[in-house]
Amino acid sequence: MYIIVEDEPLASERAKDYIKKLPFLDLLATFDNATDALVFLKMDRVDLLFLDIHLGTLSGIQLLETASLSCQVILTTAYHEYALKGFDLKVADYLLKPYTFERFVQAVERVEQHFAKTEPNPEKRFIFVKIEYRLEKVFLDDILFIEGKGNYRRIHTRDKKLMTLQTFSELDREIRSRTICRVHKSYMVAIDKIDSIEKDRIKIQDVYIPVSETYRQAFFDRIQS
């Protein structure tokens with residue numbers, strides 16, 4: 001799961017076009033400034049960040065220097081003099097604009113190799129969810145959708161509903177499934193449990209769930225891949 005932070009529309013479109021050729025990449029969101037991206041990074045799990053350096057008020061370099069990020073980062077820029085700085089910040093790769101599709105694939109493969117070493121078995125069959133004073137086992141295949149209810153998250157499964165104080169980001173990190181994804185600030189859904197999609201609404205059983213603009217593109221890209 002990745003995001004793009006790029007304030008040049010043509011460069012952003014180029015990156016998205018390249019990514020569409022790699023179906024294993026899931027786009028969560030795109031931003032034209034580092035400030036909004038930073039807010040998103042604090043709320044959602046992101047595996048990979050395509051980050052432009054020149055972004056106006058807060059640069060890509062400043063974002064990396066001030067924020068503690070757990071995701072992999074690929075820097076993109078038209079200026080080669082930042083390569084050493086990128087090395088100091090331990091970014092996964094450094095793409096010099098205008099980069100080719102072949103060079104883009106090389107950068108992505110470097111990140112994939114990193115994940116292969118650190119997460120040999122990313123897919124899970126179940127997770128343990130904090131429910132009051134206990135941990136309850138939940139099979140991922142039983143999850144229908146997860147709903148935000150104030151400070152709580154309500155997990156709707158085939159046969160029960162569970163309330164937890166775990167955040168969406170925490171649940172996303174635990175789940176790590178390609179079949180369960182965020183579609184709204186207040187909802188995650190199991191793609192294989194969707195009965196129908198009408199405009200920007202998902203129907204699961206007798207419940208209608210909204211798809212927000214922030215997650216819309218990534219959601220539709222995923223169900224079509």
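Annotations
- Scanning the stretch 41-55 for residues that are under 25 Å from Ile223 (Cα atoms) and either free of Cβ contacts under 8 Å to residues at least 40 places away in the same chain or crowded, with 17+ Cβ neighbours inside 10 Å (or both) yields Leu41, Asp44, Arg45, Val46, Asp47, Leu48, Leu49, Phe50.
- Helices (runs of 4 or more DSSP H) completely within the stretch 1-107 that count 1 or more residues being at pLDDT 80 or above: 9-20, 34-43, 60-66
- Criterion violated by Leu63 - all others in (1) surrounded by 21 or more Cβ atoms within 10 Å (Cβ to Cβ); (2) within 22 Å of Glu109 (Cα to Cα) satisfied: (2)
- Some residue of the stretch 167-176 being in contact (Cβ under 8 Å) with a residue 24 or more places away in the chain, closer than 18 Å to Arg222 by Cα and either surrounded by 19 or more Cβ atoms within 10 Å (Cβ to Cβ) or over 22 Å from the mean Cα position of the chain (by Cα) (or both): yes
The values are calculated or read from the model by the stated rules, or taken from the named source; none is laboratory data. On a predicted model such as this, the values are computed, not experimentally measured, just so you know. Note: ideal-geometry Cβ built from the backbone for every residue, glycine included; neighbour counts use all protein chains shown.
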